[in-house]
Every structure is written in structure tokens, then in C-alpha cells.
1. Does LEU76 fit the bill of being at pLDDT below 95, closer than 22 Å to SER19 by Cα and either in contact with a helix residue (DSSP H, G or I) (Cβ under 8 Å, 6 or more places away or on another chain) or open to solvent by less than 70 Å² (accessible area, probe 1.4 Å) (or both)?
2. Scanning the stretch 97-122 for residues that are of a type outside the set (S, T, N, Q), in a loop (DSSP other than H, G, I, E, B) and under 17 Å from the mean Cα position of the chain (by Cα), which turns out modelled with the highest pLDDT?
3. Considering only residues of the stretch 18-42 that are open to solvent by 20 Å² or more (accessible area, probe 1.4 Å) and assigned to a loop (DSSP other than H, G, I, E, B), which is nearest to TRP82 (Cα to Cα)?
4. Looking at the stretch 152-167, is at least one residue modelled with pLDDT under 90 and part of a loop (DSSP other than H, G, I, E, B)?
5. For ASP65, only one of the following conditions fails: (1) at pLDDT 95 or above; (2) surrounded by fewer than 19 Cβ atoms within 10 Å (Cβ to Cβ); (3) farther than 15 Å from GLY34 by Cβ. What is its number?
6. If I go through the stretch 43-93 residue by residue, how many of them are within 26 Å of THR108 (Cβ to Cβ) and part of a loop (DSSP other than H, G, I, E, B)?
7. Could you grab me the full set of residues in the stretch 43-59 that are within 14 Å of VAL164 (Cα to Cα) and either open to solvent by less than 50 Å² (accessible area, probe 1.4 Å) or of a type in the set (A, V, I, L, M, F, W, C) (or both)?
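The values are calculated or read from the model by the stated rules, or taken from the named source; none is laboratory data. From a predicted model like this one, the values you see are computed outputs, not experimental measurements. Cβ coordinates were reconstructed from backbone atoms using ideal geometry, including for glycine residues, and neighbour counts include every protein chain displayed. Accessible surface areas use protein heavy atoms only, side chains included; no ligands, DNA or RNA. Shrake-Rupley method; radii C 1.70, N 1.55, O 1.52, S 1.80 Å.
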Amino acid sequence: MTRGFYIGRFQPYHNGHHSVVENIAEEVDELVLGIGSAGDSHTRHDPFTAGERIMMITKSTSDFDLVTYAVPIEDLDRNSVWVSHVQSMSPDFDVAYSNNPLVIQLFTEAGVEVRQSPMFNRDVLEGTEVRDRMIDGGDWRRLVPESVAEVIDEIGGIQRIQRVSQTDANGG
């Protein structure tokens, strides 16, 4: 049995993440999805809580023939011990998946096998684009799995990100 690890902020979990998970599912029996910056929420950059992101991921990955574990990973601003921090918060895993150069370097230095996954439609399928469309009232729903849109509707996510993105500056 092979267990993989894939970390992201998942703010929100979108079709690009979903495509990566679908590709990883062909290579592993189980997958740990590390929810990075787990303590951050209610900002333009990180609007959703770790629990809300767990709901998005759990509902979206339920159709895959893959056992998944969503694990919150708190930020640790010390790169030299970041991998051991991740490992302490996660079930054991055999291989890490990432396209982030820093994450690749840190796992490699720690002796963890790293595989890169093809990114799907990266120019549109990235969290910033999804969040910007939510703030601006654009078409964000087609960029996320249907179950993610349902979670965002359930928690009032659009109203939240629009509100926290406003400024209290007086004309400046």
C-alpha cells in the first residue's frame, strides 16, 4: 500500500486541485491532503476556516476510489524543521506531491520522495482567480467542484469574502 501527501491552502479547493488529486489517485492507495495555513481564515487571502476546507475536500473527493484524510497543518515559520512538523501532524506517508519549489526542496532535503503533478489550466484555476471572481461577483462556480460551491453557499462564503475584502479607509 502506498500513501501520498499533497499540501495546499485550498482557499478554496478548486478544479485544479481536483485534477491533481485525480492524477495522484492513479498512483497511490491513500492520500493525505494537508490543509496548509490551517489557522488562517476570514481574510481576502484566506477566507475559509480549516474546518470549512475539510468539508470542501471531503465532499469533493468522496467519488474517487481513494481513501483520503484531510489534515490541518498550522503554519511554522521555520523552514528547516517544516517537514518534521508536517510529519508530526499527518499519518505516515511514502511520497509527497508538490509543484512548489520550496516544498520540493524541503521534502527532498528531508529524504522524502517528491513527485510533481501536471497542473490543469493553471492560468485560470488558481485560488487568487477564484477568490477575485467571488469578490467581484464573477463566475467562480465553474472553477470549483459542485460540492465546494454548495459548502461556500452553506457558510455564506461569498458574503464573507466580499465583506472582509472591503476597506474602512475614508476615500483613500
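1. Values: at pLDDT below 95: yes; closer than 22 Å to SER19 by Cα: no; either in contact with a helix residue (DSSP H, G or I) (Cβ under 8 Å, 6 or more places away or on another chain) or open to solvent by less than 70 Å² (accessible area, probe 1.4 Å) (or both): yes.
Criteria not met by LEU76.
2. Quick first cut of the stretch 97-122, residues of a type outside the set (S, T, N, Q) only: 97, 101-104, 106-107, 109-115, 118-120, 122.
Cutting the leftovers down to in a loop (DSSP other than H, G, I, E, B) gives us 110-112, 118-120, 122.
From the residues that got through so far, the ones that are under 17 Å from the mean Cα position of the chain (by Cα) too are 118-120, 122.
Working: PRO118: 75, MET119: 66, PHE120: 63, ARG122: 59.
Taking the candidates together, the pick is PRO118.
3. GLY39
4. So in the stretch 152-167, the residues modelled with pLDDT under 90 come out as 167.
Filter again for part of a loop (DSSP other than H, G, I, E, B), leaving 167.
Among the residues of the stretch 152-167, at least one is modelled with pLDDT under 90 and part of a loop (DSSP other than H, G, I, E, B), which makes the answer yes.
5. Evaluating ASP65 over (1) at pLDDT 95 or above; (2) surrounded by fewer than 19 Cβ atoms within 10 Å (Cβ to Cβ); (3) farther than 15 Å from GLY34 by Cβ leaves (1) as the failure.
6. Total satisfying the criteria: 11.
7. Keep residues of the stretch 43-59 that are within 14 Å of VAL164 (Cα to Cα), which gives 43-49.
Correct list: ASP46, PRO47, PHE48, THR49.
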